[in-house]
Amino acid sequence: MNGLPLTTDMMLVFGLVVFTVLMLVLEWIRADVVALLVIVVIGITGLMPVEQLFDGFAGNAVISLIAVMIMGAGLDRTGVLNKAASLILRLSQGVESRLSVLINAMAGGLSAIMQSQALAALFLPVVSRVSARTGVPLRRLLLPMGCMILAGTNVTMISNSPLILLNDLIVSANRNLPPGASTIEPFTLFAIAPIGVPLFVVGLAYFFFLTRKVLPDVETKQKVTPGRTETYFAETYGIDGEVMELTVTAESPLVGMSVGEVEQMRGAPLILAMKNGNESRLAPPADQMIWVGTVLGVLGQRDHVNDFAQNQLLKLSSRLRQFGDMFNPGRAGISEAVIPPNSRYIKQMLGDLRMRKSHGISVLAVYRGDQVFREDVRKVSLRAGDTLVMHSAWRDLVHAAEDRDFVVVTDIPKEEARPAKLWHALTFFALAMLLGLFTSMKLSVAMLTGAVGMLLAGVLTMDEAYSAINWKTIFTLACLIPLGWAMDSTGAAAWVAQEVLVYLGAWPQWALQAVIAVLSLFFAQVVSNVGATVMMVPMAINIALASNGNPAVYALIVAISTSNTFLIANANPVLTIVGGPGGYRRRDFLRVGAPLTLLLLVTLLVCVNWLIAR
């Protein structure tokens, strides 16, 4: 490897890597569009053969991830997580320390077999329910749970994107090994458990002893369940009062105005429902017209609503004569939802989404960090981690949530649960695990067997399976895989390894491994964990080969390090999902994540070198 020259193809790859990093950091272009652009540039420049360019879409990593997402949705649909919530409540008996350990252990344990981002979204209402019933602050439950979900993904090869991607990158590296180098063996399903289990145990111990120190009691906006709706939404968002009916008279100036125009009026209450003639609906769209005899279902303080009614010549009724059934708590109510990192709603104004017209949902407020937006929410441009406060029928909310553009935090009545299919789901999931563990079958085939089994057994419909797949993650992963292959095939990774060893060649193996781990952690903070893995694995393998280290171990260190990103909320979708509902600030992530990151880094290096010594 000594004296390897820097070629034009290598410089093209480095330029593409720099461009990818900048675009992912600056977010000028969506991550999936950046990934598509990368694959197109690789094809145009001929950095790798065109016949291999789209192999990532049919690769082991992509198919495995699709299957895991489908099986995770099947387990959720059959009520596995509801049973988990009941078990946590029964075993903890309301004791906070016991409750925290059980949540962390259960969420972290499930993350070994379920995709981490999906699991975090599914566990949010579970933990919200537990917090509401026990009175334990959600702030001290959500972030530890999110961190333990990430730590638990290190036990198997199926629950996070970097580890799923790892074997595909190893296969690529094997095609470009220098003469005389031994082929790198891919990792089997539980091959990393001897390292992942200690990491998981250390994380559990960290939060058991230090949760109150790293997350001290503060006055925070707590997220809870519908059981405490009235006092909670009043204290948190200033949304208080009661639901009343206003009937528009012939003398009212509101006649001929739209709902949107009325909402802009000074002192106007929140309009939650509307009846024109025999047609009633929740969340009337802004362009819906108001006529003589129109009945409005509004929310507000009695004296304010009374003043508005008198000023606008409306007839006020505190009894719900027209909307009593529609506002039944079993059918409709106020809820909260978080905008995940892959949502199509990001950077769009609420008014442009037309959620009332398309989904029957009224957005009452937006919560972002320490800010609550209530005035003219239609002009709020959404960001990842924002919490939406909404009023809707539960059926409409469940239907809208299927698009995965927001994650419902509130524990609401859900339809289409299939508890009768619980054992079918568990059986096919166990079958997939057994095939992956005890046979030579490829992981993608084993996982797909379980997913297809659930579909045939009626655990999920095919449309539900399509909805369960996060296509943005799939496309980003499939399109970035060729970038790692190009780094290998052009020799760019080998050149970087050569230059690194000029300065660090005399360092011991554990020190080189530490450098690789820290670099992986750094890149994972500024770009996606998938992007960091794609860039770092080929370099790590070449550094290992040049320093007579174990290339498989170096590659594994990269994948685990990029998975354990606890320092910045936006660095990992799991932390972004829990950040809004928990009301966490940047310093909370640093206070919790910095010691945990250092602790897990040391544990990783100790375990890796102990295993090598064995």
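Every number in this text was worked out from the coordinates using simple rules, so none of it is lab data. This one's a predicted model, so the numbers in the text were calculated from it and none came from an experiment. Neighbour counts run over all protein chains shown; Cβ positions are idealised from the backbone, glycine included.
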How big is D for the range 371-493, in µm² s⁻¹ as a whole number, if Stokes-Einstein is applied with the Kirkwood radius of its Cα pairs at 37 °C and 0.692 mPa s?
177 µm²/s
Taking Cα centroids, how far is the range 312-334 from the range 58-89 in Å?
38 Å
Which value results when the Cα radius of gyration for the range 272-320 is divided by 2.2 N^0.38 Å?
1.15
Inverting the mean 1/r over all pairs of different Cα atoms, compute the Kirkwood radius of the chain and quote it in Å.
25.9 Å
Nearest 500 deg cm²/dmol is fine: what mean residue ellipticity at 222 nm does the chain get from its DSSP H runs of n ≥ 4 alone, each adding -39,500 (n - 2.57), divided by its residue count?
-18500 deg cm²/dmol
Total charge of the residues flanking N167 in space, meaning their Cβ is under 11 Å from its Cβ, with Lys and Arg +1 and Asp and Glu -1, is -1
Label-point gap, in nm, between V25 and D376 - each point 7 angstrom along Cα→Cβ:
3.5 nm
Assign one of three labels to the range 293-359, namely rounded, prolate or oblate, based on the Cα gyration tensor with a ≥ b ≥ c the square roots of its eigenvalues; rounded applies when a/c is under 1.5, prolate when it is not and a/b is larger than b/c, and oblate otherwise.
prolate
What is the spin-label model distance, in nm, from A430 to V445 if the labels are put 7 Å beyond Cα along the C-beta direction?
2.4 nm
Taking only C-alpha pairs under 8 Å that are 6+ residues apart, what is the relative contact order of the range 226-410 in percent?
23 percent
Suppose R0 equals 45 Å; then what is the FRET efficiency for V518 and A457 from their Cβ-Cβ distance, rounded to the nearest 0.05?
0.45
For E499 and A594, what is the calculated FRET efficiency with R₀ set at 30 Å and r taken between the beta-carbons, to the nearest 0.05?
0.50
Histogram of C-alpha separations across the range 1-152, 5 Å bin width, %
1, 8, 13, 13, 12, 11, 10, 9, 8, 6, 4, 3, 1, 0
Mind ranking 308-318, 292-302, 387-397, 114-124 by how tightly packed they are, going by the mean number of other C-beta atoms within 10 angstrom, highest first?
114-124, 387-397, 292-302, 308-318
Excluding same-chain residues fewer than 8 positions from K213, which aspartates and glutamates have a Cα within less than 14 Å of its Cα?
D588
Could you give the length gained on full extension between V526 and S86, defined as 0.36 nm per residue of separation minus the Cα-Cα distance, in nm?
154.6 nm
Cα gyration tensor category, rounded, prolate or oblate, for the range 469-595 with a/c compared to 1.5:
oblate
Sort D588, D488, D463, D9 so that the residue with the fewest other Cβ atoms within 10 Å of its own Cβ comes first and the one with the most comes last.
D463, D9, D588, D488
Label E279 and R368 with points 7 Å out from Cα along Cα→Cβ: what is the distance between them in nm?
3.4 nm
In whole percent, what relative contact order does the range 269-322 give with Cα contacts below 8 Å and a gap of six or more residues?
36 percent
Fraction in percent of alpha-carbon pairs per bin - 10 Å, the range 226-410:
9, 39, 37, 14, 1
Extended-chain gain in nm, criterion 0.36 nm per residue less alpha-carbon gap, D307 and R585:
96.1 nm
